[in-house]
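*Asks:* Starting off with a structure, shown below.
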Amino acid sequence: MPNTITIRGMEFRARRFLEVETVEHLARILGKDSMKLAAIAAFPPYREFYIPKKSGGRRHIEDPMPPLKK
């Protein structure tokens, strides 16, 4: 049976994130290495490009690379 997300579960996760005070604490919650997390925060890997707008001009897009999306 797949995990079911409940309102109560979402509220619990939201409280956990609101209580985060350090990169190390966030890394523990996410189950990630704090140095890698800090590096991604300092230099977020994005692919940047522009697309034309219907009204003229162009729109700047910053698409996160797979490690950041994950």
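*Asks:* In a Gaussian network model over the chain where Cα atoms closer than 10 Å are linked, find which of Ile40, Ile29, Ile51 has the largest mean-square fluctuation.
*Replies:* Ile51
*Asks:* Right, something else. Considering only protein heavy atoms and a probe of 1.4 Å, how much of the accessible area of the chain is carbon and sulfur, as a whole percent?
*Replies:* Result for the chain: 58 percent of the exposed heavy-atom area is carbon or sulfur.
*Asks:* Note the angle between two axes, namely the Cα long axis of helix 7-18 and the longest principal axis of the Cα atoms of the chain, as a number of degrees from 0 to 90, rounded to the nearest 10.
*Replies:* Once rounded, the angle reads 80 degrees.
*Asks:* In addition: Any idea of the accessible area per residue across the chain, 1.4 Å probe, to the nearest Å²?
*Replies:* On a per-residue basis, the chain sits at 93 Å².
*Asks:* With a 1.4 Å probe and all protein chains kept in place, how do His60, His25 rank by accessible area, largest first?
*Replies:* His60, His25
*Asks:* Let me ask another. With viscosity set to 0.692 mPa s at 37 °C, what whole-number translational diffusion coefficient in µm²/s follows for the chain from Stokes-Einstein and a Kirkwood radius over Cα pairs?
*Replies:* It diffuses with D of about 216 µm²/s by this estimate.
*Asks:* For the pair Glu24/Phe49, report the inter-label distance in nm, with labels modelled 7 Å from Cα in the Cβ direction.
*Replies:* 4.1 nm
*Asks:* Can you return the aspartates and glutamates within cross-link range of Lys32? Criterion is Cα-Cα under 15 Å, with same-chain partners fewer than 8 residues away left out.
*Replies:* Partners found: Glu24.
*Asks:* Charges at C-beta only: +1 for Lys and Arg, -1 for Asp and Glu. How large is the resulting dipole of the chain about its Cα centre, in Debye rounded to 20?
*Replies:* My answer is approximately 380 debye.
*Asks:* Might you work out the accessible area of Met35 for me, using a 1.4 Å probe with all protein chains in place, and round it to the nearest 10 Å²?
*Replies:* Near enough 140 Å² of accessible area.
*Asks:* For a quick size check, give me the Cα extents of region 1-42 along its three principal axes, largest first, whole Å.
*Replies:* Sorted largest first, the three principal extents are 35, 24, 14 Å.
The values are calculated or read from the model by the stated rules, or taken from the named source; none is laboratory data. Owing to the predicted nature of the structure, the values given are computational and were not obtained by experimental measurement. All Cβ positions, glycine included, derive from the backbone under ideal geometry; neighbour counts span all protein chains shown. We work out accessible area using only protein heavy atoms, side chains counted, and drop any ligands, DNA or RNA first. Shrake-Rupley method; radii C 1.70, N 1.55, O 1.52, S 1.80 Å.
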